[in-house]
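Read the structure below first, then the notes.
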2 protein chains.
Amino acid sequence: MGVFYGVGLGPGDPELLSIKGLAVLKRAGRIYAPGNHGGQSLAGAIVRHHLPDAPLEYLEMPMTREREALETAWREGAGRILASLSRTDVAFVTLGDPLLYGSYLYLYREIRSADPAVVIRTIPGITGFSAVAARCNVYLTEGSDRLLLLTGTTDPLQFQWYCREFETLVIYKPGADGAGLCELFFASCPAGEGVLVSRCGMAGEAVTPLGPGRTLPPLDYFSIIILHTKGKP
Amino acid sequence: MGVFYGVGLGPGDPELLSIKGLAVLKRAGRIYAPGNHGGQSLAGAIVRHHLPDAPLEYLEMPMTREREALETAWREGAGRILASLSRTDVAFVTLGDPLLYGSYLYLYREIRSADPAVVIRTIPGITGFSAVAARCNVYLTEGSDRLLLLTGTTDPLQFQWYCREFETLVIYKPGADGAGLCELFFASCPAGEGVLVSRCGMAGEAVTPLGPGRTLPPLDYFSIIILHTKGKP
């Protein structure tokens, strides 16, 4: 029985993969990446960047919030991984860190419950928000700052309260609600500062400084917003 | 004039350095690591692991919260870096991610204000909390979970409220107050789960599952606590 590795590829720039992550991918007899409509995903492209001849296959992951469709996809994916594990070590790759808003968690649970004896090792990755902060040279936390990580679906009333309470707010997947949250932020923190980065370290990267009254550009799926409630980093 | 690089070395395991971080260290004409009493730091040891003959020097960083002593140390460090930058590219290394509770921020500000023309590039790193989650195979966030990152000095009354509000709490530098916060956590979230990891990926690593009434071991400086308010990951 092989070992199942969850490998974090980092935030998008292929060179931000860890040395350990690359070593695991080199050794794995089978690598699975999330894919769509049989097509290549960004995660798959990062694997190919380092290992053009890697034994790479895609697990179909529907872009939906429909629980049943997702669960079917995870179960089928876990089945394919378990079949491969009978022959070799297997790696499943994700962008960023596998355990932070990652699809790896669902596969992990399916595999763990299907066969509790499988050895599972997680290789952490650089998160998208670390990459965004580095790209813009803005801090995430200093001293005893608190950082709240949330998604664009956060309730606006709660969000306003977070703006008064914490030093740093990071919004993942801002989506359609991100612009509204940014408006609320500058209404609550007139001296606050913020930045939106789309596709950090990838083709089509865009950096947008935020401020009161500024309109947000259309938000790519790979968008992250960092807000500092106390102002200039 | 050289380029100043802030390089995140990752959480302690030398192999969790990124490919890009290592490439920058190989190219730099001078590498500075935080040190104490002229001695080697863990950050320096990670550099030496990859590059035994690297042009590595230590910047004395007093282990104190005394603002004046720290500011003097940063100013002197920035002065040495600026002198080196007149001849070559310079890297300053930190554990974890440079912009998350990192000492790099202070040097960055000193250098930026002393000479706004210096080109500064930050290379992000894998954070300690990603490494702890991976080590224990516990999730950080799923779905639209919120994650609050804080330090052991957090006010206990506020902390109790965070326990009711958020799915995941991560405590950096738990120090003397960490045990008290864990007690409060299990009083607020009887179904909650938690883990304490000291020296993750380093010599002397220790993993301690947390629970109501369990006593915490003495907390090493490199300790991180992950708490899940909604229970089993």
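Each value in this text was obtained by applying a stated rule to the coordinates, not by laboratory testing. Keep in mind it's a predicted model, so treat the numbers as computed, not measured. Don't worry about glycine lacking a Cβ; one is built from the backbone with ideal geometry, like all the others, and counts go over all protein chains shown.
General observations
- Whether a residue is within 21 Å of A:V132 (Cβ to Cβ) and of a type outside the set (S, T, Y) was assessed, and A:G77 does not pass this test.
- Residue in segment A:203-224 that is touching an Asp or Glu at 6+ places or on another chain (Cβ under 9 Å) and of a type in the set (S, T, Y) present: no
- Residue in segment A:119-126 that is touching a residue at least 60 places away in the same chain (Cβ under 8 Å), more than 30 Å from B:V7 (Cα to Cα) and either part of a loop (DSSP other than H, G, I, E, B) or among the β-branched types (V, I, T) (or both) present: yes
- Segment A:63-98: number of residues that are without any contact (Cβ under 8 Å) to a residue 40 or more places away in the chain and either of a type outside the set (V, I, T) or touching a His at 6+ places or on another chain (Cβ under 7 Å) (or both): 16
- Positions within segment A:179-212 being of a type in the set (G, A, S), buried (at least 21 other Cβ atoms within 10 Å of the Cβ) and more than 17 Å from the chain's Cα centre (by Cα), in sequence order: A:G192, A:G194
- Within segment A:61-68, the presence of a residue that is under 20 Å from the mean Cα position of the chain (by Cα), away from chain B (no Cβ under 13 Å) and within 23 Å of B:S18 (Cβ to Cβ) is excluded.
- Residues of segment B:113-128 that are facing chain A (nearest Cβ under 7 Å) and closer than 30 Å to B:V195 by Cα: B:I123, B:P124, B:G125, B:I126, B:T127.
- Qualifying residue in segment B:84-92 (condition: closer than 20 Å to B:G12 by Cβ and within 14 Å of another protein chain (Cβ to nearest Cβ)): yes
- Among the residues of segment A:122-141, none is identified as touching a helix residue (DSSP H, G or I) at 6+ places or on another chain (Cβ under 8 Å) and either farther than 28 Å from B:G21 by Cβ or basic (K, R) (or both).
- In segment B:161-175, residue surrounded by the fewest Cβ atoms within 10 Å (Cβ to Cβ) [restricted to those that are among the aromatic types (F, W, Y) and not in a strand (DSSP E or B)]: B:W161
- Here A:R109 clears all of (1) in contact with a strand residue (DSSP E or B) (Cβ under 8 Å, 6 or more places away or on another chain); (2) free of Cβ contacts under 8 Å to residues at least 60 places away in the same chain; (3) within 10 Å of chain B (Cβ to nearest Cβ) except the condition numbered (1).
- Within segment A:133-160, the set of residues being more than 8 Å from chain B (Cβ to nearest Cβ), within 21 Å of A:T208 (Cβ to Cβ) and assigned to a loop (DSSP other than H, G, I, E, B) comprises A:G152 only.
- Some residue of segment A:193-205 being within 14 Å of another protein chain (Cβ to nearest Cβ), small (G, A, S) and touching a residue at least 12 places away in the same chain (Cβ under 8 Å): yes
- Considered as a group, the residues in segment A:170-192 that are out of contact with any strand residue (DSSP E or B) (no Cβ under 7 Å at 6 or more places or on another chain), among the hydrophobic types (A, V, I, L, M, F, W, C) and over 12 Å from A:K230 (Cβ atoms) include one that is nearest to the other protein chains (Cβ to nearest Cβ), and that residue is A:A176.
- Here B:E167 meets the list (1) at the interface with chain A (Cβ under 9 Å from one of its Cβ atoms); (2) acidic (D, E); (3) touching an Asp or Glu at 6+ places or on another chain (Cβ under 6 Å) almost entirely, failing just condition (1).
- For segment A:139-157, a tally of residues being polar (S, T, N, Q) and touching a Leu at 6+ places or on another chain (Cβ under 9 Å) returns 3.
- Residues of segment B:1-43 classified as closer than 16 Å to B:G125 by Cβ, touching a Pro at 6+ places or on another chain (Cβ under 9 Å) and without any contact (Cβ under 8 Å) to a residue 40 or more places away in the chain, total: 2
- Between A:Y101, A:Y106, the distinction of being surrounded by 14 or more Cβ atoms within 10 Å (Cβ to Cβ) and farther than 18 Å from A:Y221 by Cβ belongs to A:Y106 only.
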